[in-house]
Every structure is written in C-alpha cells, then in structure tokens.
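Novice: This is the structure, below, for whatever I ask next.
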2 protein chains.
Amino acid sequence: MNLKQLSQKLGLSQTTVSRALNGYPEVNEATRLRVERAAAQYQYRPSTRAKGLATGKALAIGHVIPISTKHEMVNPIFGDFIAGAGETYARNGYEMILSIAADGQEEQVYRGLKARRAVDGVVVHGPRLDDSRITLLNDIGLPFVVHGRSSGASSPYAWLDVNNRHAFQRATDFLIDLGHTRIGLINGMEFMDFAHRRRDGYTKALLAHGIPLDPDLMRSSEMTEVFGYQSTRDMLALDNPPTALLCASLISALGARRAVEEAGLVMGRDVSIITHDDDLSYLKNGDDIPIFTATRSSVRAAGARLAEMLLAAIADPTLPHQHVLLEAELMVGRSTGPAPRKE
Amino acid sequence: MNLKQLSQKLGLSQTTVSRALNGYPEVNEATRLRVERAAAQYQYRPSTRAKGLATGKALAIGHVIPISTKHEMVNPIFGDFIAGAGETYARNGYEMILSIAADGQEEQVYRGLKARRAVDGVVVHGPRLDDSRITLLNDIGLPFVVHGRSSGASSPYAWLDVNNRHAFQRATDFLIDLGHTRIGLINGMEFMDFAHRRRDGYTKALLAHGIPLDPDLMRSSEMTEVFGYQSTRDMLALDNPPTALLCASLISALGARRAVEEAGLVMGRDVSIITHDDDLSYLKNGDDIPIFTATRSSVRAAGARLAEMLLAAIADPTLPHQHVLLEAELMVGRSTGPAPRKE
DNA sequence: CGGTAAATCCAAAGCGCTTTGGGGATTGTG
DNA sequence: CACAATCCCCAAAGCGCTTTGGATTTACCG
C-alpha cells in the first residue's frame, strides 16, 4: 500500500492524505480522522526512502563502531548503549544504521555515510585523545555528538561524558582513607580519552596525599577479563604488592578477583578492589549489595540522552553545542576494606 | 555532488554515467574509465535512498534486537554478532539497520519495517520454541534467516545454529566419564530454543547412563553473573550437592565460580564446571589454556555466515532454504577434574 | 558507395513521497 | 446580496537515481 493507492481508496488527493498524516493544519479534522483510520486499517506507512528523498533528510542516524584490529574487540558496552539510543530514535521516526570500522578505515566510513547521504548525523564512539574524527566531521559537515570527550581536540563539538577524572579521584581517595597506599591501576588503553582521564584522577589523588606513583602498579590495555587477571597476578608477585586495585571495567575486575583468589587472598580483606561499572544489563554488579565497590554510571541512560542531543542538534543546527557531564555514583560494596596491617 | 552535477562536469548524460558506474556493457571502456576517475575525484557516491527508490530495493538489512522487559537485558552476544555481519553487508553495498523491540511489540516492529519498506530482509535473533515471528515473516513476505532454530515452528525457514543438544550431551558425557553423577545445569530461559536443546542434550546423557534427573539441580533464567552465582550457591547448600556444573554462558560461569570459591571450594577439584563459550571478543575464555572447559562456537563467525545466507536468499528468492548446523568445539580447560571421592 | 549491424550515447519516464501555488466552496461582513 | 476572507482540497513539480526506448555514430561488407 502506497500513498497513491491509499488516496485513491479515500477519494482524496495525495496532497491531502500526506498533509493529514503529517499533521498540517489545512485539512479538515473530520477528513484527517478518516485518513488516519484508513491508514491504520491498511497498515500504510510512508516509505522512509521516498520520504527522505522528498524532504532531503535521511531520517536515519549512524553509529560507527570501532573495532580494534589487534584484538578484534567490540566494546561490550555497545549493546546497552544502542538499546538506550534506539528507543529515542524509534520514537522520533528515525532509523538507526550501524557501520563497523576497523582501525584506520574510520575516515572512509564517515565519508561514505556522508557521500551516500545515508544519515543525518552520527554518534562518535570511543573518542581518543585529540581524535581526528572530530575535525573530519566538522569539515565534511556531518552533524555529530560524542560519547565521551577528546582532550586536545581543536574544533568544538557536543559531548556527553562521565566525569571520569573525578570518579577515579574519589575512588582513590576512598582507598587512601581506608589506609591503602599501594594502589594499583588496571586501566583501559590510555590513548582512549576516558582512560586517560581516569589515570589523571588516580594520579592526582595519590600525589595530593604524598603517595609516590609507581609504574609497576599502573597497567593499561584492552579491558578484558584476562588482562585484569594477568595484571593482578603480576602485581601481586611484586616485592611490595598492592593492597588495593582500581579497575576500569567490571570485566577486568572479574579477572582481578580471579587472580586475588588464586593467590589464596581474600578480596575486601587482603586486597580491596574498586571498579568502574557501566551498569550493563547482562553484567550487573550484584543484586542489592554490590559485589564490587564501584563508580557507577549507566551507559544505557547515556545512549538515550545522547540520541536526544543529536536529534535536537539536527532539528535546529543553530543551537549551541551541548555539553553534559554526568557524575558517577560511588557504590560501596564488599570488595573494599581497611588496608591490612603490616607485620 | 550528485549524478546530475557529475554528468554535467563530464559532458555526458546521467544515463551513461550511471551505467558506467554500475558496470553495464553499453558504455565505451575509455568513457567508463573517465567516469570512474571523476567519481573518485569528486567523491561521488550514489544516494542510497534515491538508488533504493529507483530500484525498488532498500539496500538494507534489518536486525531486530529483543529486549526482555523483565530485566531490560540486551543479549551480550549482540555486539560480536553484528561485527561479523556488518562486514559482509558493507562489502555488498548494504546498510545494516537496527531496531530494538521490547517483548510483545516485536510483531509491530517487523510489520513496521516491512510497511516502511526500510529493509530487504531481516535476521531473527533469539528464536523461541515455536516462534511466532517465523510465521509472521513468511506471511508478510519479508525475507529472513534465523540465528538459531525454533522447535515446533510450522512453516519452513532458513537457519544457522550451533548443535546445542549435541554440545551439551557431549559435555555431560565428559563429566560422567570423570565420575560425576551429581551434575547441575544452569541454563538460559528454557522457552528459548537454544536453552531447550541444551537441556535436552543434558537430560539425554544422564538418562543414557542411568543417572536420574533431579529438579533441584536444574535451573534456568537469564544468563547473568548473579544468576550463576545464586544458582550455584543454592545448589551447593543442598544435602547432596552437585560435584559438577554445566553453564549456558561464560558470564553465568563466572558467577558459578564466585559461589564455588566463596564456599571455600576449589574449581576443578571440588566442583567441575563446563560452560558454553560464544567466543566473545571482550570475554575470552583465558589465553592459551582455557579457564573453563567449554563448548565453544564463535558467534562472530555465525554473524558473518548468516549475513551471507540472507544476501544470497534475497538475490535469488527461488533458492531453497539453507540450513547450517555448526558443531561446537569441546575445549578442555582447568575447570574440570575427576569427581571427588565420597568419604 | 549504399546498407546493415554494432557500438555509444541520450531524453524522458518513473520510483513514493512532500510541497508549492493555486482554485473552488463556504462563511462572514456591511 | 455582493464581496472578501477562510477553509479545504488538488495538480504538478521535484528529490536523485535507474531503466526503457530510441537516436546517432561508427564499422564492416559486398
């Protein structure tokens, strides 16, 4: 069923039917009702393609998901983020289109989306320090919002980010207050902006309390369970091992716990662990009492909010760039406790 | 840059340029080269929307991801699956469009995609027993392939599935051979086809060895870490606790391990664990030696393969339905060992 | 050299929608 | 009752592409 057929069935012109369906005022209320009823009855929905062609808009938003070629890793927060954003798109009549891009071919992917006029805007995932995509997108004139920030980026942009620096500073303070001075950091890759900021917060807290940094206690890589395990195992084997660990993700924290227990130690007594928690649907940090003490911020909520920002920016391009900084919640769980006394 | 502008720049008609770019024979080879060079130079890419309108195809594939309203859970395998499929689409000039659908509104979403003519076909995720979507899609005439199978479905369909029954039967046999007779099953929700089949395999193996089923040892829910933990804790508290566990996912296996260790037991000695492993990029089952003994099957590879099946079916609708059954690999890790002697 | 076939290219229609620029019918006003 | 202002509705153009049905040129042959 297309517009023409529907209008013939109703004995109206395509113009009138189109207007009725799109809420224009120059159509009789009775007629509109009649049209809407018929549209529902025949399950008529305007073709997105045709509508897009006619209006000059794509009625679609692009998400380009980066895949590191090294580990072929897909960011595990992706599903939940999409779930949040998707709802917003659907409610506003937008489609969500996904492209995957291995390292290095991201520019091509964005240019392709623009040239094919496939999307009205994109969400930039996983921003790095001084991320070149920001300049690129500004150059080619494709509206975008960034999930996170990019320290050092020269051109302006809209973003939504968790206050990673503050979260990790606070988490570190929390451990220091418990008496810990040997605190390890199991971070994400530090060319990623969020990881960089987290390290900043960690560093700042330590230095503020006169605790020297120890390179042996700072590791960074992709946030897998195995990486959390290996890092922890290695650190625990040091002459002067850490009594507390800061993890960048629940997944690496699980690995850390494995190493702690394998070493015959007890989490929360011998080794305290704090992790960041993206509140993923399939990986909840315990039920009522959190397993891990954690800095929590819902990635799904971020997705929904960011989608709204992007749609608003597309609807009115004159709007100034929005900046949203979310504070992570510090949830105290059972993985932290006072530093063990030295004997 | 659009076709018209490009053709004017070249002093050719739109027809000729279009044909040159699409590889039709009625254009001089020299002209084609000239056109292609110009297209590259000006970064011309045909508008997907316009092309779709003209050809009557959407040039897009839909993925509808189900979200259980109960736990708002997004399937964690989703990211990796998409990564596999996305590559295939990109290579063939298709866009991938995503819709999310809460329980119960899935039919609306599929009908919407069809009515808007937004996609040429869809991938059905997470099929349930006698899944109504299969009939629906056959009815409305939207090409599709299923990731998994649907026992009891009346209409025919194309699918790609892991041999879940055989995998779990083999895993159970493996445990029985090690001397275990009290074997727990921590399954996914059993209205999901894969979970149903896994239970089947488990049951069949036990009965074949004359081991009676014990409802206390069979649990099923969404495969979270917390569920794995609670199930294991509860089972270990039984008068006659299990000495081995079968988990439906690596994530619930992590929870199971937590409960085992919390009970002061050692995995692989006191309690053996076998899990299914989807080989997710962010949740590898250890490095060289697997942490868990596992039945492994890459979900990413499944995504790539399934995408190819769908594109083939769309290109030639007369093709018979393809059925692909993948065998999971049994990887022996450190989580299994002989059943402890009774004292 | 006339005629035919093959090789190249083009003008225009059409995909399904929105939107511009009217135009007839109805209503209100003096 | 005449006229203007509203209300409703419509025909047709246009979005960027593909494709049909020629038209023109070139090549070849007897």
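Yes/no per residue for (1) touching a residue at least 24 places away in the same chain (Cβ under 8 Å); (2) farther than 24 Å from residue B:162 by Cα; (3) surrounded by fewer than 20 Cβ atoms within 10 Å (Cβ to Cβ):
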{"residue": "B:72", "(1), (2), (3)": "no, yes, yes"}
{"residue": "B:76", "(1), (2), (3)": "yes, no, no"}
{"residue": "B:81", "(1), (2), (3)": "yes, no, no"}
{"residue": "B:88", "(1), (2), (3)": "yes, no, no"}
{"residue": "B:92", "(1), (2), (3)": "yes, yes, yes"}
{"residue": "B:98", "(1), (2), (3)": "yes, no, no"}
{"residue": "B:104", "(1), (2), (3)": "yes, yes, yes"}
{"residue": "B:128", "(1), (2), (3)": "yes, no, no"}
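Novice: If you scan region B:301-338, which residues turn out to be among the basic types (Lys, Arg) and in the same structural domain as residue B:137 (by TED's automatic domain parsing)?
Specialist: The answer is B:305, and nothing else.
Novice: At least 1 residues that are among the polar types (S, T, N, Q) and touching a residue at least 40 places away in the same chain (Cβ under 8 Å) in each: list the strands (runs of 3 or more DSSP E) lying fully within region A:166-247 that qualify.
Specialist: Once the strands (runs of 3 or more DSSP E) in region A:166-247 are filtered for at least 1 residues that are among the polar types (S, T, N, Q) and touching a residue at least 40 places away in the same chain (Cβ under 8 Å), what remains is A:183-187.
Novice: Got a number for residues in region B:14-28 being within 7 Å of DNA strand C (Cβ to nearest atom) and surrounded by fewer than 12 Cβ atoms within 10 Å (Cβ to Cβ)?
Specialist: So the answer is 2.
Novice: Looking only at region A:47-60, decide whether some residue is more than 28 Å from residue B:96 (Cα to Cα), within 12 Å of DNA strand C (Cβ to nearest atom) and without any contact (Cβ under 8 Å) to a residue 24 or more places away in the chain.
Specialist: Looking for residues that are more than 28 Å from residue B:96 (Cα to Cα), within 12 Å of DNA strand C (Cβ to nearest atom) and without any contact (Cβ under 8 Å) to a residue 24 or more places away in the chain, one finds none in region A:47-60, hence no.
Novice: Could you check region A:5-54 and list, in sequence order, the residues that are of a type in the set (D, E, K, R) and more than 10 Å from DNA strand D (Cβ to nearest atom)?
Specialist: Selection gives A:9, A:36, A:37, A:45.
Novice: Can you pull out every residue in region A:82-104 that is more than 10 Å from chain B (Cβ to nearest Cβ) and either more than 22 Å from residue B:77 (Cα to Cα) or modelled with pLDDT of 90 or more (or both)?
Specialist: Of everything in region A:82-104, those that are more than 10 Å from chain B (Cβ to nearest Cβ) and either more than 22 Å from residue B:77 (Cα to Cα) or modelled with pLDDT of 90 or more (or both) turn out to be A:88, A:91, A:92, A:94, A:104.
Novice: Can you tell me which condition residue B:34 does not meet? The list is (1) surrounded by fewer than 18 Cβ atoms within 10 Å (Cβ to Cβ); (2) within 16 Å of DNA strand C (Cβ to nearest atom); (3) free of Cβ contacts under 8 Å to residues at least 12 places away in the same chain, and all the others hold.
Specialist: Failing condition for residue B:34: (3).
Novice: Right, something else. Just to check your reading of the model, which residue among A:11, A:86, A:93 is within 16 Å of DNA strand C (Cβ to nearest atom), within 25 Å of residue B:93 (Cα to Cα) and of a type outside the set (Ser, Thr, Tyr)?
Specialist: When all the criteria are applied, what remains is A:93.
Novice: Give the residue, chosen from A:256, A:315, A:244, that is surrounded by 24 or more Cβ atoms within 10 Å (Cβ to Cβ) and under 24 Å from the mean Cα position of the chain (by Cα).
Specialist: Being surrounded by 24 or more Cβ atoms within 10 Å (Cβ to Cβ) and under 24 Å from the mean Cα position of the chain (by Cα) holds for just one of A:256, A:315, A:244, which is A:256.
Novice: Something else about it: Output the number of residues of region A:289-299 satisfying the condition of being at pLDDT below 95 and under 19 Å from residue B:252 (Cβ atoms).
Specialist: Residues flagged as at pLDDT below 95 and under 19 Å from residue B:252 (Cβ atoms) within region A:289-299 amount to 2.
Novice: Of the residues A:294, A:237, A:259, which single one is out of contact with any Asp or Glu (no Cβ under 8 Å at 6 or more places or on another chain) and either of a type in the set (Phe, Trp, Tyr) or within 14 Å of another protein chain (Cβ to nearest Cβ) (or both)?
Specialist: Selected residue: A:259, the only one of A:294, A:237, A:259 that is out of contact with any Asp or Glu (no Cβ under 8 Å at 6 or more places or on another chain) and either of a type in the set (Phe, Trp, Tyr) or within 14 Å of another protein chain (Cβ to nearest Cβ) (or both).
Novice: Something else: Can you tell me which of A:280, A:306, A:310 is crowded, with 22+ Cβ neighbours inside 10 Å and within 11 Å of chain B (Cβ to nearest Cβ)?
Specialist: Of the residues listed, the single one that is crowded, with 22+ Cβ neighbours inside 10 Å and within 11 Å of chain B (Cβ to nearest Cβ) is A:280.
Novice: Can you find a residue that is more than 11 Å from DNA strand C (Cβ to nearest atom), exposed (fewer than 15 other Cβ atoms within 10 Å of the Cβ) and closer than 30 Å to residue A:126 by Cα anywhere in region A:62-70?
Specialist: Scanning region A:62-70 turns up at least one residue that is more than 11 Å from DNA strand C (Cβ to nearest atom), exposed (fewer than 15 other Cβ atoms within 10 Å of the Cβ) and closer than 30 Å to residue A:126 by Cα.
Novice: Assess whether residue A:113 counts as being assigned to a helix (DSSP H, G or I), of a type in the set (A, V, I, L, M, F, W, C) and surrounded by 23 or more Cβ atoms within 10 Å (Cβ to Cβ).
Specialist: Yes; evaluated as a whole, the condition is true for this residue.
Novice: Working only within region B:278-304, note down all residues that are within 15 Å of residue B:333 (Cα to Cα) and of a type outside the set (D, E, K, R).
Specialist: Scanning region B:278-304 gives B:285, B:286, B:289, B:290, B:291, B:292, B:293, B:294, B:295.
The values are calculated or read from the model by the stated rules, or taken from the named source; none is laboratory data. Here the structure is a predicted model, which is why all the values come from computation and not from measurement. Cβ atoms come from the backbone with ideal geometry, glycine included; neighbour counts cover every protein chain shown.
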